[in-house]
Structures are given as C-alpha cells and as structure tokens.
1. Restricting to segment A:85-105, what's the tally of residues that are of a type in the set (A, V, I, L, M, F, W, C) and more than 18 Å from the chain's Cα centre (by Cα)?
2. Looking at A:GLY74, A:GLY37, which one is over 30 Å from C:ARG21 (Cα atoms) and within 14 Å of chain B (Cβ to nearest Cβ)?
3. If you check B:SER76, B:SER158, B:SER130, which single one turns out to be more than 14 Å from chain C (Cβ to nearest Cβ), buried (at least 17 other Cβ atoms within 10 Å of the Cβ) and not in a loop (DSSP other than H, G, I, E, B)?
4. How many of the residues in segment B:88-123 are outside any helix (DSSP H, G or I) and in contact (Cβ under 8 Å) with a residue 24 or more places away in the chain?
5. Only one of these is under 16 Å from the mean Cα position of the chain (by Cα), under 17 Å from C:PRO67 (Cβ atoms) and either in contact (Cβ under 8 Å) with a residue 24 or more places away in the chain or not in a helix (DSSP H, G or I) (or both): C:LEU189, C:LEU163. Name it.
6. Out of all the residues in segment C:26-40, which are touching a helix residue (DSSP H, G or I) at 6+ places or on another chain (Cβ under 6 Å) and either at the interface with chain A (Cβ under 8 Å from one of its Cβ atoms) or of a type in the set (Val, Ile, Thr) (or both)?
7. Is there a residue being β-branched (Val, Ile, Thr) and within 19 Å of the chain's Cα centre (by Cα) anywhere in segment A:141-148?
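The values are calculated or read from the model by the stated rules, or taken from the named source; none is laboratory data. None of the values given here were measured: they were computed from a predicted structure. We place every Cβ from the backbone using ideal geometry, glycine too, and count neighbours over all the protein chains shown.
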Amino acid sequence: MQSPHVTAAPEGASASGPALTAVALVRAFGGRRAVNGVSLTLHTGACLALFGPNGAGKTTLLRLLGGLLKPTTGATRLHGQPLPGDAETRRLVGLISHHAMLYPALSVRENVRFAAECQGVINADDATTRVLTQLRVLDRADTAVRYLSRGLQQRVSIARALVHGPQLVLLDEPYTGLDEAGAQALTDALGALKANGATLVLVTHNLSEGLALATHSAIMQRGTFVDEALVSPSGFDVPGYQAKYRALVHEGLA
Amino acid sequence: MSSVSSAVPRSATLPEPKGFDAFLAIAIVAVIAACARALFFTPIDAMLGAAQKIFYVHVPAAIIGLYFACGLLFVSSIMYLWIKDERLDRLAESSAEVGLVFMGIVLVTGPVWARTSWGTWWVWEARITSTLFLWLLVIGYLVLRSGVESIEVRARLSAVMGTLAALLVPFIHLTVKLFRGMHPEPVVLAPEKPKMPPEMLLSFGLSMAAFLLLFFALLRLRFRWATLRDARAAMEAA
Amino acid sequence: MSGSRLSTTHRAPSYLADAWRIARKDLLIEFRTRSAFLAATVFAVLAVVIFRFTWDPTAIPAMDLAPGVLWVIFTFSGLLGLNRSFGLELAERAYDGLLASQVSREAIFTGKVIANFVFVMCVQAVALPAVALFFDLPVGPSWWIIVGIVLLASLGLSAVGTLFAAIASNTRLAELLLPMMTLPFFVPLVIPAAQATAVVLRGQPIADGMAWLKVLLAFDLVFVSACIVVFPFTIEE
C-alpha cells in the first residue's frame, strides 16, 4: 500500500506556494529504514499533528525536517530552499524535543539569550525578555536551569526554540511534563506563531493537545504515513479517531 | 548525499563462507620456504653473525606493516570520507589489524636481534621507534572501532581518525629523526646499507615476496570476515 | 532562489563572533562548575609533588628531569579537561540546538578549541610555577620562552584534543578512549616541547632549540586546519 502524500493547506493559505515539501523521504540506519517513504506538503499557517506508536519514525522524521539529518534518499524543501540548508535556511527552523536542549549550569536568561544570539537575532535581550514573558518564566530568568523543575525546564526549552521567530516549528512531544499553566502558555505561544504564518509539525501522544492547534492530522507507523485527516475547527470526532487509531496501530491513544 | 551500500546483499541468506583458502595456504608455504632458505641456504653475514638472519623476517615485516598496511589504512580512511563506500571501511579495518600483526613481528624481532647483537633489548633507533608509535596509533584506532556499535557511525569516526593518523606519520618520523640526531645510532643498524652478495639479495627478495603474499592473503581473509559480520548485523537490525 | 535574503531582525552568522560566543559560553559553564579545572590543577600539583619525592637529586640534576616532568603533567592534565567539552553539550542535548542553528560547524569547533586552550593555559598557570618551585629551577627572563612553548603546545593539544573529544563523545567509555586515541598524536608535541624546554633551562642559546620549535609550529599549522576540516564528519548527518 502506498503511503499517502499528506497535504496540509489551511483555508486562506497564501498563494505563494507551500512552506515545506518532502518527497519520498527515506532514512536508513544500517539495514533499518526508520523513515520509509514519507511525502508531505505543508502550507504556511498549517499545523500537522503527528500520531503514532513508539518506533514509528516520528522523531527521525522531525530531525530530517529540521535539517539535523540528511535523508538517505528523497528531498525536502523549506520555503524553496533544500534541507539541510545554508545558514539562513537553518535559521528558519525551531526545534523542540523532549530533551531540554539547555545548559544546566547557565541561567534561564543566559540559555535563551545564547540561542537568540546564535540565531543572529539583533536585539537579543529584548527578544529574550519577550519570549520569557510569553512563556511565563520571566520571574525565574536568573535561576540556573538545573534548579528548575522539569516542567519549567520544558518551558525554557520552548522559549529557546521560539526566541528567534522561526517559520517552521518542529515539536517532539512538547507537552510532556508541562503543568496546566505551562501547557496553556505553550498553546498560546504556538497559536500566535501560527497566526503569524509559521508552519508547525507537532508529534504527540495526547489527542486533545494535538488537536487543539492542528489543521491536519496524520498517523505514522513503521516509517510511513498510514492515515491522514483534516481537522476542522468546528468539531472533531475524537472517539471515532481514537477507534481508527486503535484499529490501524493496535494501540490506544490518550 | 547518502551512504553507498556496498555489495552486502539485502537478501535473506548470508554469503557462503569459502571452504579451503588456497591462497592463504600457498602464502604460508611460501613464507615457510623463504624462512627455510634464509636459515639454511643463505650464507651467514661475516660482520653481523648468524643473528643477522632475523633481517629476512624483520625488514619485510617492517616494509609491509608500515608502508603497505598503514598506507592502505590511511588511503581508505581518506577515501571513505569522500565516497562513503562501506567496503573502504572494511578495507581500512582489515589493513589495520593485519598491519598490527606485521608491526608486532617487527617489534618482537627487533629487540631479539638487538639483544643477540648488542646485548640490549631495546635501541631507540629511528625506524623501530616510529614503528612503536605507529603500532600504538593503530591500537588506538582499533579500540575506537570497538567502542562504537553502529556500523555507519563507526566507519565515519574511524575514517576521521585514520585521516588524521595519515597526517601524523611525517611528524612522528621527523620528531624521532631529530631525537636520534642528538644520539648517533649504532652504525651497524642500517641493514640495507652494507652491500649484499647476490645470494643474500635473492633470499631477501624471496622473503619479501612471500610475506607480501601472506599480507594479501590475510587481508583478504579478514576482509571477507568483516563483510560476513556486517551482513549479519544488517540482517539482524532490519 | 539564491543569495542572501536581507532581514531587519536577524544578522547573518559571523565565524569569529559565533566562535567567540561559544568559547565564552563553555568557559562560563566551566567557571560555574569548576569541577574539571579543580581536578586538573589538583592532579598537576599532586603529580609534581610525587615526581619531586621520588627523585634523587644526586643521581639526576633538576635540569634533566624537570622538562620531562613538566610535559608529562601537561599532557595528562590537558586530557582531563577535554571530555567535558562535549559532555556539556550532550547532557541535555543542547548540541542539537546548536547544530540546528545558523552557526557553522567550523565556528562550533573553533569556539570549543578556544575554550579548551584557555582551560589548558589556566592549568599550566598553576603547574608551571609548581614545577619551578619544587625543582628549584632558576627563573629568569628566559622563562618567557617557556611560556611561548607552552602556548604553542597548548594550541596543538587543544585542536587535536577537541576533535578527539568530539569523536569520543559518540562512543561508550569515552573517558578511557580519549587518552588512548590522542596520546600518539601528542608525541610530536610533547617531545619537541620538552627538548626545547631543556635547551632553555640549561641556558643554551635558543637557536639550539630552533628545530624543535619549528616542529611545534608546523604541527599547529597542519593540525589546526586539518581538524577544522574533518570536524563536520564527527557529527551524524
């Protein structure tokens, strides 16, 4: 069965062409194909929620889309530029994973400011303060990251990824460890990004969080897409989707 | 740019291990024959005595270990970074191990010769000192390989080390030579310099050819073993 | 579509600025934790003390022993600081963030080499006086030459050491592997450095040690460039 080419074009998407395209992406590690023929097209303002069991290749796919890995075969383009790309293309991407991606010995502000400067943000201090306020961690700005709870560290990690205003945000289970306030802050921040024309790919196990922002959803298993669906803002048949997921993947979905 | 997968078949069966390795057998016979000729049918060197016969093993081992094995290691490492063919990585690995054996022969026969000739086990002579450092370098290379499980990562990282090792060799030679320059070495320890009569030259030539055969036979054997091992690992991972 | 796309909010990456920023970040982290620096300096001083007390001054003059002691300590204390160079990046996968940013690989490597260089020089700032003190070495204006030798050797050690630290961070038993891989590479650094130091300590004219200094300089030139070139291969892509 051929893997569907997932296309995510929200209504009112700009006519300037898709933001992110991937054609027949394959990534093998030794003999094992972690990503085995993935094609997708995402337009600006789209948010693709990606579900799938562990080992489906979702993390590898995100790393391919983020330019951290080269595909074995296939090609990806972000705003017309090939990935992995040159410096300016890399700057367009923001990556959030369940690892904190922080330096524990440095403070919150130092971590985020470092990321901002590495991404060439001109007014790094202002950008840092702005994003820390947005994620509601400004009051802990001068605390060393290693003294923060896991949930707060996750918020700082998100701030680090968003401080430079990325156009493509790749999130690998970002809600893990977040409390309600943190989850709300994240959803608000991502919503703002989306409204400003960013494209999001969100890997999650949590259906409700995934669907809150998503315009499209897809299920990945053993390296390929096995299903895709439109997420309508007016309503989504959650139990129906859960049943479909269980049928396809033989696992439950929260 | 992607990794070029080599002749490792993706089919469900492993390549058949060959039964009797004729090439290796011939090589071993050749080495024994060459050693026999050196021991029994070659005149004893008037100046250096019977112990000089170690020369027929020591020098071929040195030339092969240092120039052939290490040379192959360096060239395949550099080429791997460029082309990324797995076969180059297996060639580098095989050259390193077989080279280690040959260099080991040098490091054992050297002191034996030194002991019988001059009464000391070790002489800080330029070439054997360089051999010692290279031997340690290749051991480091093999230990690096043993510390990485993924075949691709291992190939890539050891190719980096192999490339840098290639650059290191001239510096080691230079350092050792400068060091030796301060302590003039024993004049006798220059085996090629004294003019050799035709029988000795012939023995040396035969020995050289035999050891070269052995080198390639062992290399081929080791390379095949590596191919088999990688094919099985790929099968198990898939 | 090619060429640079001008932006009012972002500036293009700059090799020097990026390298310097990364070096400062590494040094700031080391300064906050201080663990590696303390380990290296305590090791250096302990080693000097042990060498001093196992030495029979009547059998070997200080001039003959001190260079060897100095440079053995240099090598092993230098190694102590190298593992943390990439350890701090991998602890929480901050390395991914750095790699995904617009900063070039060359800048990342250079920044880390600078940080390791400063680290090694700081350890030597303790070790050198310790050796001079314990071995009663005559201290004079010629010691600036020794500082120069230490500078040259530290540069080579930092470049090669940082590269192998990057390699080792991909392996199990990185701490054991790093010395095994790097020590042969330090031979053309340590032997020339020790010989040149001996020339200076014995009061010989520096011209006697010129050949050794040239080897050091050549090593630095060749290996700093070579390591920058091969560094991207240590990163999985």
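1. Step one: list which residues in segment A:85-105 are of a type in the set (A, V, I, L, M, F, W, C), which gives A:87, A:92-93, A:95-96, A:100-102, A:105.
Filter again for more than 18 Å from the chain's Cα centre (by Cα), leaving A:87, A:105.
Count: 2.
2. Working: A:GLY37 fails: within 14 Å of chain B (Cβ to nearest Cβ).
Sole residue among the options that is over 30 Å from C:ARG21 (Cα atoms) and within 14 Å of chain B (Cβ to nearest Cβ): A:GLY74.
3. Values: B:SER158 fails: more than 14 Å from chain C (Cβ to nearest Cβ); B:SER130 fails: more than 14 Å from chain C (Cβ to nearest Cβ).
Sole residue among the options that is more than 14 Å from chain C (Cβ to nearest Cβ), buried (at least 17 other Cβ atoms within 10 Å of the Cβ) and not in a loop (DSSP other than H, G, I, E, B): B:SER76.
4. First pass over segment B:88-123, keeping only residues outside any helix (DSSP H, G or I): B:119-123.
If we keep only those that are in contact (Cβ under 8 Å) with a residue 24 or more places away in the chain as well, we get B:123.
Looking only at that region, the number is 1.
5. Values: C:LEU163 fails: under 17 Å from C:PRO67 (Cβ atoms).
Exactly one of C:LEU189, C:LEU163 is under 16 Å from the mean Cα position of the chain (by Cα), under 17 Å from C:PRO67 (Cβ atoms) and either in contact (Cβ under 8 Å) with a residue 24 or more places away in the chain or not in a helix (DSSP H, G or I) (or both), namely C:LEU189.
6. Selection gives C:ILE29 alone.
7. Taking segment A:141-148 as the starting set, the residues that turn out to be β-branched (Val, Ile, Thr) are A:143, A:145.
Remaining after also requiring within 19 Å of the chain's Cα centre (by Cα): none.
No, every residue in segment A:141-148 fails to be β-branched (Val, Ile, Thr) and within 19 Å of the chain's Cα centre (by Cα).
Okay, residues lined up against (1) away from chain B (no Cβ under 14 Å); (2) in contact with a Phe, Trp or Tyr (Cβ under 6 Å, 6 or more places away or on another chain); (3) at pLDDT below 95:
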| position | (1), (2), (3) |
| --- | --- |
| C:ALA153 | no, no, no |
| C:LEU177 | no, no, yes |
| C:GLY203 | yes, no, yes |
| C:LEU217 | no, no, no |
| C:PHE223 | no, no, no |
| C:PRO232 | no, no, no |
| C:GLU236 | no, no, yes |
